[in-house]
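Heads up: the structure comes next, in structure tokens.
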Amino acid sequence: MTLTETSRAAPLSLHEDRLLPGEPRARDIARELYSSVRDHPIISPHGHVDPNMLLADEAFADPTSLLVQPDHYVTRMLHANGIPLAELGVGQGPLPEAGARSAWRMLCAHWHVFRGTPMRYWFDSELGGIFGITERPSEDNADRLYDQIAGKLSEPAFRPRALLTRFGIEVLATTDDPSDSLSAHHAIAADPTFPTRVIPTFRPDRYLEPGAVGWNAEIDRLGRAAGLQLDNFAAYIAALEDRRRFFIANGAVSADHSHFDLGTTHLDGAEAERIYRAARAGEATEAECTVFRRHMLLEMARMSCDDGLVMTVHPGVHRNHHPATYAAFGGDTGHDIPVATEYTNALQPLLERYGTHPNLHLVLFTVDATAFNREIAPLAGFYPSVYIGAPWWFLDNPTEIRNFQRSVSEIAGLSRLSGFVDDTRAFCSIPARHDMSRRLDAGFLAELVAEHRMDLDEAADSLSQLVAAQPRRVFKL
Amino acid sequence: MTLTETSRAAPLSLHEDRLLPGEPRARDIARELYSSVRDHPIISPHGHVDPNMLLADEAFADPTSLLVQPDHYVTRMLHANGIPLAELGVGQGPLPEAGARSAWRMLCAHWHVFRGTPMRYWFDSELGGIFGITERPSEDNADRLYDQIAGKLSEPAFRPRALLTRFGIEVLATTDDPSDSLSAHHAIAADPTFPTRVIPTFRPDRYLEPGAVGWNAEIDRLGRAAGLQLDNFAAYIAALEDRRRFFIANGAVSADHSHFDLGTTHLDGAEAERIYRAARAGEATEAECTVFRRHMLLEMARMSCDDGLVMTVHPGVHRNHHPATYAAFGGDTGHDIPVATEYTNALQPLLERYGTHPNLHLVLFTVDATAFNREIAPLAGFYPSVYIGAPWWFLDNPTEIRNFQRSVSEIAGLSRLSGFVDDTRAFCSIPARHDMSRRLDAGFLAELVAEHRMDLDEAADSLSQLVAAQPRRVFKL
Amino acid sequence: MTLTETSRAAPLSLHEDRLLPGEPRARDIARELYSSVRDHPIISPHGHVDPNMLLADEAFADPTSLLVQPDHYVTRMLHANGIPLAELGVGQGPLPEAGARSAWRMLCAHWHVFRGTPMRYWFDSELGGIFGITERPSEDNADRLYDQIAGKLSEPAFRPRALLTRFGIEVLATTDDPSDSLSAHHAIAADPTFPTRVIPTFRPDRYLEPGAVGWNAEIDRLGRAAGLQLDNFAAYIAALEDRRRFFIANGAVSADHSHFDLGTTHLDGAEAERIYRAARAGEATEAECTVFRRHMLLEMARMSCDDGLVMTVHPGVHRNHHPATYAAFGGDTGHDIPVATEYTNALQPLLERYGTHPNLHLVLFTVDATAFNREIAPLAGFYPSVYIGAPWWFLDNPTEIRNFQRSVSEIAGLSRLSGFVDDTRAFCSIPARHDMSRRLDAGFLAELVAEHRMDLDEAADSLSQLVAAQPRRVFKL
């Protein structure tokens, strides 16, 4: 096949060996391993799907609101290539048809900018695997593809619940505000026909940062949810504990934390009380707010030891780097940029106290890949509470995942990995993301077998652990 | 072939598949891709060749002054292996023949210390590809090779202009002082027979660092070049703007910046004026000098938005790490040592203001490879102004280039890369460096094709973009 | 072979091609290269074997005290997987048989947690290569394997000296306290029949950190060893110099240094005296203790220039991260966790003074892999005194070693590497560790040959240098 010949046609094909190793012997082993887990149900213990969407089970409005607008992986790439976010409908609900088509056309016309990225890989899987598209998107076929997908979306088989079944999602965790009523979760749990176990996740960041704008109002809201007057530190702690119990009663298994850094500090009771009151009075200094937040992360670990919620942390992101974009479109719009992040010293006060507590499962994520072999794997290679979170945000691509697999597993062993976490806002990308992970895990293990560093039966067992057993064990599912 | 047999002869051979992937299928694809760009003209948008040398077009004096003395990649390696820089003629003009031969002999006798390095790769390409050498250099054949190269250098075909033509260099940017008259560039541009577009680059570092020794005298020199009295901040700004216009009128397309860190800060006019005057009076504190420099980097971005000069930055180097060597031989003598460098926070004030300005092209280079996937690619994956500069200084070797290709392209896509930048002081290494880059790009893309992550026609188009279209687009050529 | 078939049996096999490249052509080259160094005597210039054990030459007590208890690589992994260190006999001498068997059973029952790690690789090599074990350990066969190994240990061929001969260890450096009498070393050196050159290493950390608990008592001990009253700075320096001479007279070739950071600073004599006296009086501030320690690291370099001891440094570890474990079991029990470490600025004062001194050999180790290409290789690529230490502690696994090989050699050349350093406390793992290194070196070089970046004869010579010549040259053996 020559370059000229291939240029004539532009099929979208999903090769059965995609992402497996190129070297034939390793690829053969990888293919065998992959086939043993390909159809395993999906366990998604951390993500950002809206439970109300699942409950309502209405047809998706159009291809753009389903596949483009909510996916900041996709919109940031188009923005980087010169397309204003407003033209993509970012931060808006479903667009009028002309706008939705226009945004879709821009996606298709810029298909080349995704070459070699995971976004392209997921998109190919979604278009080909879910919607039966067989052509590579382009400016020319954009409208035809739009119509083809829109047609599918009007069919019952493409509604959320039907897709949950088709995707084989066994467990799906959402991310929720501690003051939330969890009514959608309650309704889903009460429906015996619902195909997936949908569980909430306790995400208390906003209540733990007295330095953030609007903290006092958030605390009032938390007090109302807990039925408590939060005028002292003990009441504040009681409210958080109460809401954690409420989340647990509604199925939650984990609490998720995302602060700029991972610092933990212990304050004695009087000092915590003093700073809490100062913050409620709007009089806490920036340094006091920081030390209070760090004390509260320690408190969250203490509560996890008490109530068993798995603790996941996602630190080290400069959120909303471009203020004008934040003002116009809100958060999670593609400009949360990583910074260097420290784990060893930051977590020492927490691990000194709780690192060997049998109830604590602390899953460490990072967007600073240098922490994997320097800090996270060494911590997880000693502390029984520490697990290594899967590569996240900018790092959830094949290259970084491969580096991660080799690097952390040779330091801490495969048993210390969390298993794959998709962390996505793009519902239809869930199966593609898990499939990518399974292929990469199979390829990684196959190469160890090919190098005579692991036996084939062990590789098969390890793959099964990573895909099925470990997420259940680490997230207490 | 056994070890004993190979030891008998030591040919210098340039294998047609060198640097392509070892795995046969990927190598076949890479070979096809590479052949499609192998002979493309060279675009060199940033480097350190002397335009006066090109203009004068005199025969090179000898092999040592051409291939050893000016190349700090080579001399630092010999120094590390025990050869004093003085014996290599560092910091001197052409040596008397005995000295030139002696330095050449030391190079050949230490040929083994370059094994596996890019310096060896470039040298092999230069010796074999330009001078027709067919033996591996050694202590034994050093003089014979010297004579062979010296003989070639006396031929007209080996003068600078003839080599520009032979190398296929379409565009060559030099690096120039803002006070420079650009007379060589003017003369070259005025010669319709000159084979290459040679353009200057505006490099204003020394005028932006009031804390540096001799800053006041530099400012006076800048004032004379601009025909202005630089006794206030507005005049200083006007002089810089004037010289940028002059450079643009003489063909410049970019301004290059290299400070210890990338910090940017905004000062209001009165504060900038105050510090400027204090600095001119020799009374600015170190902190004031730093904040002023950071404000000026912001100003440079503002000017780039106004006048369109592409902005390239090369931060994060502890320059002249060994003072005794600097005192004896000057700068750029091999002991500029990288330090950890921060981009996300440092550039936020700049990107907040100008990050979406259509005129700004900001190309970020680094010698801290951890910044590629943590900061630079994420920034380039959102801001339309930010481009990812090719691996630089210690990082321009096959391993780092391969890590870079995979890592940044999966985060930001291939469209956000600057294309290859040779940044060299070694004239004859230009084609070897670009050829190395083309081979590595072809191999990288071939592996994506072999893993069914990219179609062959897309890989071919991407390679053409990287080699030809992107440098032109990013550097506005 | 299918998964089901392999699951039936669980042999422990040592494949002849293990760890060599998977790609057939590179593997063939690697096999040829490896065979040329496989049987070369082992040079171990830095490690932690007890010389008294070698001198006494008694039979090892049991498999657990030989293979589990002293190896914090192994015990930390079991601890991370939920086994208390007390149950593994950490920090204790040989256990009663019931305890030793119980710990051994836990190891075997958790064999899967080591999959893919270097610990597994070393263990397989030890069990198969030294003790003739042919089954993969498991809960079921734990007692049988225990008996098999215990039986071997009672044979004369498995006593320390016999194993030194069998392992082919030519030189073995221990790590010793400067106040040590070195009586074991003296006795070994006096025995003409002793099969290995066993040499001490000067490890003065505890005497250089006035901020550490017990420093004053240590200094008194040092004074007694040197026969000096250490009531002033000059006497303190004289005592250190005296003990270095004593170590050199007993065969030492190097001094090893491990502080939290690598900072070096120069104090004038009066200031050093003042801080020394304050520290002896228990009145030095934390800042004074830090600056004194940094001055002393500079002094150690000065002494190395004078007396020729090779200087090795192992910085950047947060030692004893979990205080409760330290209190119960002591140091070196698996919770020394890396932190980001800076070399460029920290070492500048030292290298400015001594970086080109012909007597100085400064071998830089790191547990922060980002320093390899950013700081350590660039420093070693200029300063003739600086050598790149082999990957250490968490980094001594195949993935990190491969990254290291490529990364540093393309910047600084192969001649700047220290050669392999096992740094182990696990006596029986020494040959496995060196064999792993030789296989990885052979594979790395074979891939360069397969990519036509190095000729085969050069690869063979480079491998021989790395295995044999360079450790001798760098460590002055």
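Some observations on this one:
- Cα centroid of segment C:63-137 to Cα centroid of segment C:379-450, whole Å: 26 Å
- Most positive-pole-ward Cα, A:75, A:93, A:59, against dipole of segment A:42-100 from beta carbon charges: A:75
- Taking the Kirkwood radius as Rh and the Cα radius of gyration as Rg, segment B:249-311 has a ratio of Rg/Rh equal to 1.03.
- Ordering C:122, C:153, C:103 by the projection of their Cα atoms onto the charge dipole of segment C:95-161, which places +1 on the Cβ of Lys and Arg and -1 on the Cβ of Asp and Glu, puts C:122 at the extreme positive end.
- Shielding of peptide A:81-94 by partners, expressed as the average count of other chain Cβ atoms within 10 Å per residue Cβ, is 1.
- Take residue C:286, move 7 Å from Cα toward the beta carbon, and the resulting point lies 2.2, 2.2 nm from the same point in each other copy, nearest first.
- Local electrostatic count at residue B:228 - Lys and Arg +1, Asp and Glu -1, tallied over other residues with Cβ under 15 Å: +1
- Size of charge dipole - chain B - debye, nearest 20, with Cβ of Lys, Arg +1 and Asp, Glu -1, no other charges: 240 debye
- Seen from every direction in turn and averaged, the convex hull around the alpha carbons of segment A:355-424 projects onto 4.4 nm².
- Across segment B:396-477, the relative contact order, built from alpha-carbon pairs under 8 Å that are at least six residues apart, equals 37 percent.
- Angle in degrees between helix B:269-280 and the longest Cα principal axis of chain B, rounded to the nearest 10: 70 degrees
- Cα pair count fraction exceeding 18 Å, expressed as % - segment A:427-477: 40 percent
- Residues of segment A:12-32 that lose at least 20 Å² of accessible area (1.4 Å probe, protein heavy atoms only) when the other protein chains are present, relative to their chain alone, are A:15, A:18, A:19, A:22, A:23, A:25, A:27, A:32.
- Short-range pairs are left out: with C-alpha atoms under 8 Å and at least six residues apart, the relative contact order of chain A is 20 percent.
- Residue-averaged [θ]222 nm for the protein assembly as shown, counting only DSSP H segments that reach four residues, each worth -39500 (n - 2.57): -14000 deg cm²/dmol
- Gyration tensor (alpha-carbon) shape descriptor, segment A:275-352, a/c threshold 1.5: oblate
- Across peptide A:193-199, the average count of Cβ atoms from other chains found within 10 Å of a residue's Cβ is 0.
- The convex hull around the C-alpha trace of segment C:304-437, projected and averaged over every direction, spans 9.2 square nanometres.
- Cα-Cα separations in segment B:1-93 greater than 22 Å, expressed as whole percent: 62 percent
- Teacher prompt: residue A:82 distances to equivalent labels in other copies, 7 Å Cα→Cβ, nm: 5.8, 5.8
- In terms of overall dimensions, chain B has a Cα radius of gyration and Dmax of 23.0, 76 angstrom.
- Kirkwood hydrodynamic radius (C-alpha pairs) into Stokes-Einstein, segment A:155-222, 25 °C and 0.890 mPa s, D in µm²/s: 174 µm²/s
- Alpha-carbon spread of segment A:76-225, three principal axes, descending order, Å: 56, 42, 31
- Whole-percent P(r), segment A:210-347, all Cα pairs, 5 Å bins from 0: 2, 9, 15, 19, 21, 18, 12, 4, 0.
- Sum of side-chain charges, residue C:292 neighbourhood, beta-carbon under 12 Å (Lys, Arg +1; Asp, Glu -1): -1
- Overall form of segment B:116-171 per C-alpha gyration tensor (a/c, 1.5; a/b vs b/c): oblate
- Rg/Rh for the protein assembly as shown stands at 0.95; both radii use Cα atoms, and Rh follows the Kirkwood definition.
- Kirkwood Rh and Cα Rg combined as Rg over Rh, evaluated for segment C:24-76: 1.17
- Cβ-based charge dipole, chain C, positive-most Cα from C:325, C:194, C:278: C:194
- Efficiency of FRET between residue C:307 and residue C:193 - r from beta-carbon atoms, R0 30 angstrom, step 0.05: 0.50
- Sparsely packed loop sites in segment C:1-92 (the GluC sites (Glu not before Pro) outside DSSP H, G, I, E and B with at most 15 other Cβ atoms within 10 Å) comprise C:16, C:58.
- Extending 7 Å from Cα along the Cβ direction at residue C:278 and again at residue A:464 yields two label points whose distance is 6.5 nm.
- Basic side chains Lys and Arg get +1 at the Cβ, acidic Asp and Glu get -1 at the Cβ, and with that the dipole of segment C:128-280 about its Cα centre reaches some 420 debye.
- Kirkwood-Stokes translational diffusion coefficient of segment C:178-262, alpha-carbon pairs, 25 °C, 0.890 mPa s, µm²/s: 177 µm²/s
- For segment A:175-206 and segment C:21-38, distance of Cα centres in Å: 56 Å
- Solvent-accessible area buried by pairing B with A, both sides, nearest 100 square angstrom, 1.4 angstrom probe: 4000 Å²
- Full-extension gain in nm, residue C:98 to residue C:155, via 0.36 nm per residue minus C-alpha separation: 18.4 nm
- Test item: A:112-125 mean partner chain Cβ contacts at 10 Å: 5
- Segment B:260-319: trypsin sites (Lys or Arg not before Pro) in DSSP coil with no more than 14 other Cβ atoms inside 10 Å: B:319
- The residues packed around residue A:340, meaning those with a beta-carbon under 9 Å from its beta-carbon, carry a net charge of -3 if Lys and Arg are +1 and Asp and Glu are -1.
- Here, segment C:88-133 yields an orientationally averaged convex hull projection of 3.8 nm² when only Cα atoms define the hull.
- Computed log₁₀ I(q)/I(0) - Debye formula, equal Cα scatterers, no solvent, segment C:218-263, q 0.18, 0.21, 0.23 Å⁻¹: -0.63, -0.79, -0.87
The values are calculated or read from the model by the stated rules, or taken from the named source; none is laboratory data. Nothing here was measured: the structure is a model prediction, and the numbers come from that model. Note: ideal-geometry Cβ built from the backbone for every residue, glycine included; neighbour counts use all protein chains shown. We work out accessible area using only protein heavy atoms, side chains counted, and drop any ligands, DNA or RNA first. Shrake-Rupley method; radii C 1.70, N 1.55, O 1.52, S 1.80 Å.
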